[in-house]
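S.K.: Below you'll find the structure I mean.
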Amino acid sequence: MKKNLFLKELSDLLFFWFVGVLFFLFFRLTFILFYSSDIRESLLISDYLNAFFMGFRFDITAISYFLIIPFLCSYFLIPFFKGRFTKKIRIFFQYLFIVLSVIFSVITINYYKEYKDQFNHFLFMGLYDDKRAVFESILSDYNPILNSVVIIILVFILIKIFQFYENSNKIFTFLNKFKFEYKNTVFKILFLILFIVSIRGSYTEYPVRRFYAAVTADDFINKTITNPFVAIKNAILDYNEINKSYNKNPFGEIPLSIKNNFSSINNFLKKETSTNTFLIEKPNQIFLVIMESYDSWPLMNAYKNLKLSTELLKIENKAVSFKNFTPASSTTMNSFGTIVTSVPYCGINISKIGALRTFPTSIFKQFKKLGYKTNFFYGGYLSWQNIDNFVRKQGAENVYGAANSRAEKGIWGINDEALYEMVLNKVDASKKSFNIILTMSYHAPYEVEIYKEGFMYKKKSDLPLEFQNKYNEEQTPIKSLGHLWYADKTLGKFVETAEKKYSSSIFSFTGDHFGRKFINNKPTLYESSTVPFIIYGRNIKNDLIKTNTAGSHKDIGATLFDLVSPKNQPYFSFGNSLINSNKNIGFSYNKVITKNELKEFTKNYGTKTYNINNANNFEKKYKQKLDSVMSLAWYYSVKGDSIQ
C-alpha cells in the first residue's frame, strides 16, 4: 500500500508540473499575441523555438519551488502518516501556485504596457509616489474590473483542472504497470534526479541564469522569455542593488578643497582639451576594443616567445602603448562601467545606477557631441548585467549583442571572430562613428575549437623549452592559453580588415581585468595587476607621446577625447588625458600606479609594493589621494552631483 501511495503522490506532482509548464506556455503565447506589434526583427521559426525553449527552462525552475515542499513530504512523510498530510500539503501549494501565477501573469502583461518590460525595479517606485494618484491611475488606465474577471475565470478553470485530475489515476496507473525489484527505490532516485534538473533549469554544470534571457535579436521576444516569478525576483534584486542603505562614505568625506570651491561635482570634473599636435587628420571611425581577461603579461619581453599575443605585439610596435596602466577592477562589468562613465569603481556596481541616470562623463555622450555615431558591440547576451539598458542610457545609439548574429552561440554568446564580423558589417565607412567592442572568447569554459583554428600547443612539452619548467598546467590549462591565442588572432585579423575598409580610423585596445591566468601561480604584483592600453592609427604621430605616463581605465575616455578634439573643447571626466605630459599617476580600486611603483592596499594583507624602475620614492600621500578619488566617486554614484 505504501508503494501505491508514494507512486500516486508522485503522479500527482508530475501532473502539477505539467500544468505549470502549460500555463506558462499559454502565458507566453498570450503575451506575444497581445504585443505582437512590438516585434521589430524578422525572426526565423528556429528563433521562436529557441526563445520558448529558454522560457521553458526558466519556467520549470519557478514551478519547482512550489513543488519542493510537497516533493520532500512525499519522500519522508508517507512512510509514517500514510499520505494523510502529503495530499493536503500538495493541494495547498497547487492552489498557491494557481492564485499567484494568474495574478502575477495578468499584472505583468498590463505592466508591460507602461514600462515596456515585465516586472522591474520601477515596480517599487510606487512606494514613494502619491498613493492616491497611483490608485486613480490604475482605475483609469488598466481596466481593473476586466482584469479581475480574467483572474477569477483563470483561477476557477485551473482549480477545476486539478480537482478533475485528483480523481484520475492515469499517470499513476502507467507508473504502477512497471514490475521490477526495488521499484520504489528506483523511482525515488529517478524523480530526485529529474527534480534537480528541473529546479536548476539545466542538466549541465551551469543552471539557467538571468542573462540567458536574450537569445534572439528581438528585444520584445527576449522580454517574454522569463516568467512573472523570475521577473519579480530580478526586480527585487535590482531594487535592492540600487537602493542599498549607505549611511556613511566608506572612503571618508569629500576633500574640503572640492567642497569649498565647487557647488557640484560636475563643475569639478569639467576640463578642456589641450593643444593637439599628435594627429595628422581627425579620424572618421574610432574603435575601442575591450578584451575579455586580456592582461599585459603576454606582451612583456619575458613571455613574447610563447607567441600568444603576436598580433597585438605587431600592432604595439607601431602604436602608442602605455605600460603603466591598471584596470578599474577585477571584474568585467565594474571595469566596463568605469570605461564608459569614467567614474572609478569604488565597490558599487554602476550598471543598475547607470541604466537610470546618464552621466555627463559618459564616453558615448561626449563623442556624440563631436558628431560621431555611437555604437556598442558585445559578444555576449545583452541581458547580462543589464548592459543593454546601461549603454543605451549612457548614449549608445546602436547596441548589438550575440542575438544580433546568426553565428553559433555558446554558453556566453558568440566567439570573437563572429563579433568582429558583425562590427565590420554594421559600421558604415561613410559615416563618422565611435565604437566600443567588448569581447568574450577568452573566458571559461573556453568553447572555441582552437586546434581547428591552428593553435600550436597540445601539451606542456610543446611549449618553448624556456617555459616548460615554469609552466603550471593545473593553474592555466593549455586550452586557456589557446583561447588567449585565439582572441589575439581574431583581433589582428579584424584590425587588418578594418584598416582597409576604414581608411581614416583609430584603434585602441585594453583588457577588462587581470585574467586570473598566468603560466604559473606566482605572477608578480605588476604581472597580476596591469592591462594594456594601446592606441594605434596611421594618422597618429607616435613619437610625440610619452608612453611611461601612468593611468587606469578612468583615463581612457579623457585620452581619446583629448586626442581627436580641437583645442579647448570642454568635456567631463574623472580621468585625465594620458597624452598630457603632466599626468604621473593612475588610480584603481585599492591600487595606485606611477611610472616608478605600483602599490596595492589590502584590508587583509596590508600594503603590497612593486618597484617598476627599481625606484623607492613612493609618496605616502598617494593612499590619501586614492581615498579622495574613491570618496568622490562613491558620493557621485550614490548621492549625485550636488555637493551639500
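S.K.: Would you list the strands (runs of 3 or more DSSP E) that sit entirely within the stretch 550-626 and hold 3 or more residues that are modelled with pLDDT of 90 or more?
M.R.: It comes to 570-572, 586-588, 591-593, 597-602.
S.K.: Right, something else. So is ASP641 touching a helix residue (DSSP H, G or I) at 6+ places or on another chain (Cβ under 9 Å), among the acidic types (Asp, Glu) and at pLDDT 90 or above or not? Working first, answer last.
M.R.: Numbers: touching a helix residue (DSSP H, G or I) at 6+ places or on another chain (Cβ under 9 Å): yes; among the acidic types (Asp, Glu): yes; at pLDDT 90 or above: yes.
Answer is yes for this residue.
S.K.: What number of residues in the stretch 486-514 are in contact with a Ser or Thr (Cβ under 9 Å, 6 or more places away or on another chain), part of a loop (DSSP other than H, G, I, E, B) and open to solvent by 10 Å² or more (accessible area, probe 1.4 Å)?
M.R.: 1
S.K.: Are any residues in the stretch 462-478 open to solvent by 30 Å² or more (accessible area, probe 1.4 Å) and either part of a helix (DSSP H, G or I) or on the phi > 0 side of the Ramachandran plot (or both), and if so, which ones? Please lay out each step first, then the result.
M.R.: Taking the stretch 462-478 and keeping what is open to solvent by 30 Å² or more (accessible area, probe 1.4 Å), we get 462, 464-466, 468-470, 472-475, 477.
Correct list: ASP462, LEU465, GLU466, GLN468.
S.K.: Here are some residues: VAL343, VAL399. Which one is in contact (Cβ under 8 Å) with a residue 60 or more places away in the chain, over 30 Å from ASN613 (Cβ atoms) and outside any helix (DSSP H, G or I)?
M.R.: Checking each option against the conditions leaves just VAL343.
S.K.: Can you name the residue in the stretch 572-594 that is open to solvent by 10 Å² or more (accessible area, probe 1.4 Å) and among the hydroxyl-bearing types (Ser, Thr, Tyr) and, of all such residues, is nearest to CYS346 (Cα to Cα)?
M.R.: Checking each candidate, the answer is TYR589.
S.K.: Sort out which residues of the stretch 16-41 are open to solvent by 20 Å² or more (accessible area, probe 1.4 Å), among the aromatic types (Phe, Trp, Tyr), more than 12 Å from ILE63 (Cβ to Cβ) and part of a helix (DSSP H, G or I), and write them in order of number.
M.R.: Across the stretch 16-41, the qualifying residues are PHE26, PHE34.
S.K.: Now, a different point. If only one of LEU481, LEU424 is buried (at least 19 other Cβ atoms within 10 Å of the Cβ), under 26 Å from the mean Cα position of the chain (by Cα) and in a helix (DSSP H, G or I), which one is it?
M.R.: One residue alone meets the criteria, LEU481.
S.K.: Restricting attention to the stretch 427-461, which residues are small (Gly, Ala, Ser), within 27 Å of the chain's Cα centre (by Cα) and not in a loop (DSSP other than H, G, I, E, B)?
M.R.: Within the stretch 427-461, SER433 is the sole residue that qualifies.
S.K.: Hey, can you tell me all the residues within the stretch 521-561 that are crowded, with 24+ Cβ neighbours inside 10 Å, among the polar types (S, T, N, Q) and over 22 Å from THR273 (Cα atoms)?
M.R.: Of everything in the stretch 521-561, those that are crowded, with 24+ Cβ neighbours inside 10 Å, among the polar types (S, T, N, Q) and over 22 Å from THR273 (Cα atoms) turn out to be SER529, THR530.
The values are calculated or read from the model by the stated rules, or taken from the named source; none is laboratory data. Every value quoted in this text rests on a predicted model; they were computed, and no experiment measured them. Glycine also receives a Cβ, built like all others from the backbone with ideal geometry; neighbour counts cover every protein chain displayed. All accessible areas refer to the heavy atoms of the entire protein, side chains included, with ligands and DNA or RNA removed. Shrake-Rupley method; radii C 1.70, N 1.55, O 1.52, S 1.80 Å.
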